[in-house]
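For reference, the structure is listed below as structure tokens.
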Amino acid sequence: MNNAVNTDALTLCLTPHGSLVLRPTDDGSALDADRADRIKAAFARGHGHGLLWLGAAEVGTVLPPVFAYWRQFGARFMTALCTKPAAEEGSEVQPPPPPANSDLWSLAADAPVMPGAEYLTADVLHTLWRHIGEAFVIEIAESGTALPDFLKALGPAWNLVGRVHFNLAENRRDEDAPFAFLATYTSRLSAHGKAQHLPLGQALREYAGAANQERLLSLLLPVQRAQERCVWLKQMVDAGELFHPLRWSVHEAVRFLGDAHELEQAGVVVRMPATWRACRPSRPQVWGTVGTKTPSELGTDALLDFHVEVTLDGQALTSAELKALLANTSGLALIRGQWVEVDRERLVRTM
């Protein structure tokens, strides 16, 4: 099927046989040239490829209503793909099953005014879903990559959907527990292409029942792997504390920071406070300078002219601030209104 069109004023038309094709339109809803070219190229391979592209790669972009409707359908496929139970290692990734027939009828009823809308039924949507799945199988095989890399190439945010996130936040109003912890999961992307976070406890309710047990176990599998590496996490899971917000002390935040790599290796997405650069708190830097003064003669005077300075984000610390850092034993210190990661032994050695 070749749907090449030489104009950027396009719309999608549903034929009596249930094919979705690009057609010129004079309703003024033109796409920008680059986006139009990408969509044309995808639909030139068939409507399954076109819908896969719309749902995966055009999420968060501004599209005319008809394109936005079909993007939503493609994005629903992508969401189902990201949230389906993980395949066994070494096995091929299979497309997700279609939504229930009642859901497909609801989707058909929500369609905007468009050419061929009278042909839109649940059966047509079921067939289109199958064609998206066929296109997915072809494209992931062509890419020669695993599913995470394939998703990343289409849109990095898709790699976050269907995953558990451990979120650490600052809570400055609580001196005893200046941090907060919340476990979330992402069920879909928003209309703006951002991952939508829900409390992890809601997954227990959303996936309640035997029909969704496999999906729930797949979602929580990274947590199971992580608790084998982190004793404190196992204690949280056993106590049921993982499924609601927690007040955390500095000690608990430091422990979390120290195990962040282990959590990520297990498949949990770790999110640190937004103000922490590169997902770590700032660290003090020690600088030494030699020979800032003009020596009276070469040799001993120059060697004795040695100055050590400790800075934070390029600004020198005062003697009082340095004293507070050296006295810190927790691993995190609040300096100048920001949390600073402190390796006391290393700091003493370098000074």
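Taken together, the criteria exclude Pro199 from residues that are touching a Gly at 6+ places or on another chain (Cβ under 9 Å), on the phi < 0 side of the Ramachandran plot and not assigned by TED's automatic domain parsing to the domain that holds Leu334.
Where in the range 240-340 are there helices (runs of 4 or more DSSP H), lying wholly inside it, with at least 2 residues that are under 23 Å from Glu170 (Cα atoms) and at pLDDT 70 or above? Walk me through how you get there before you give the answer.
Numbers: elements: 250-258, 260-266, 300-304, 319-327.
Answer list for the range 240-340: 250-258, 260-266, 319-327.
Of the strands (runs of 3 or more DSSP E) that lie entirely inside the range 133-227, those containing 1 or more residues that are β-branched (Val, Ile, Thr) and more than 25 Å from Gly46 (Cα to Cα) span 164-170, 179-189. Restricting Glu214, Glu228 to residues that are touching a residue at least 60 places away in the same chain (Cβ under 8 Å), out of contact with any Lys or Arg (no Cβ under 7 Å at 6 or more places or on another chain) and either surrounded by fewer than 16 Cβ atoms within 10 Å (Cβ to Cβ) or of a type in the set (A, V, I, L, M) (or both) narrows the list to Glu214.
Scan Ala56, Ala41 and give me the residue that is surrounded by 24 or more Cβ atoms within 10 Å (Cβ to Cβ) and aliphatic (A, V, I, L, M). Give the derivation first.
Details: Ala41 fails: surrounded by 24 or more Cβ atoms within 10 Å (Cβ to Cβ).
Exactly one of Ala56, Ala41 is surrounded by 24 or more Cβ atoms within 10 Å (Cβ to Cβ) and aliphatic (A, V, I, L, M), namely Ala56.
Within the range 103-134, which residues are aromatic (Phe, Trp, Tyr) and within 20 Å of Phe67 (Cβ to Cβ)? Scanning the range 103-134 gives Tyr119, Trp129.
Please tell me if Val62 is free of Cβ contacts under 8 Å to residues at least 60 places away in the same chain and part of a helix (DSSP H, G or I). So Val62 fails the test.
Any residue that is in contact with a Lys or Arg (Cβ under 9 Å, 6 or more places away or on another chain), surrounded by fewer than 20 Cβ atoms within 10 Å (Cβ to Cβ), free of Cβ contacts under 8 Å to residues at least 40 places away in the same chain and closer than 30 Å to Leu217 by Cβ - is there at least one of those in the range 107-127?
Applying the first criterion (in contact with a Lys or Arg (Cβ under 9 Å, 6 or more places away or on another chain)) to the range 107-127 yields 107, 115.
If we keep only those that are surrounded by fewer than 20 Cβ atoms within 10 Å (Cβ to Cβ) too, we end up with 107, 115.
Remaining after also requiring free of Cβ contacts under 8 Å to residues at least 40 places away in the same chain: 107.
Next cut, closer than 30 Å to Leu217 by Cβ only: 107.
Within the range 107-127, one or more residues are in contact with a Lys or Arg (Cβ under 9 Å, 6 or more places away or on another chain), surrounded by fewer than 20 Cβ atoms within 10 Å (Cβ to Cβ), free of Cβ contacts under 8 Å to residues at least 40 places away in the same chain and closer than 30 Å to Leu217 by Cβ.
The values are calculated or read from the model by the stated rules, or taken from the named source; none is laboratory data. Keep in mind that what you see is a predicted model, and the values were worked out from it rather than measured. Don't worry about glycine lacking a Cβ; one is built from the backbone with ideal geometry, like all the others, and counts go over all protein chains shown.
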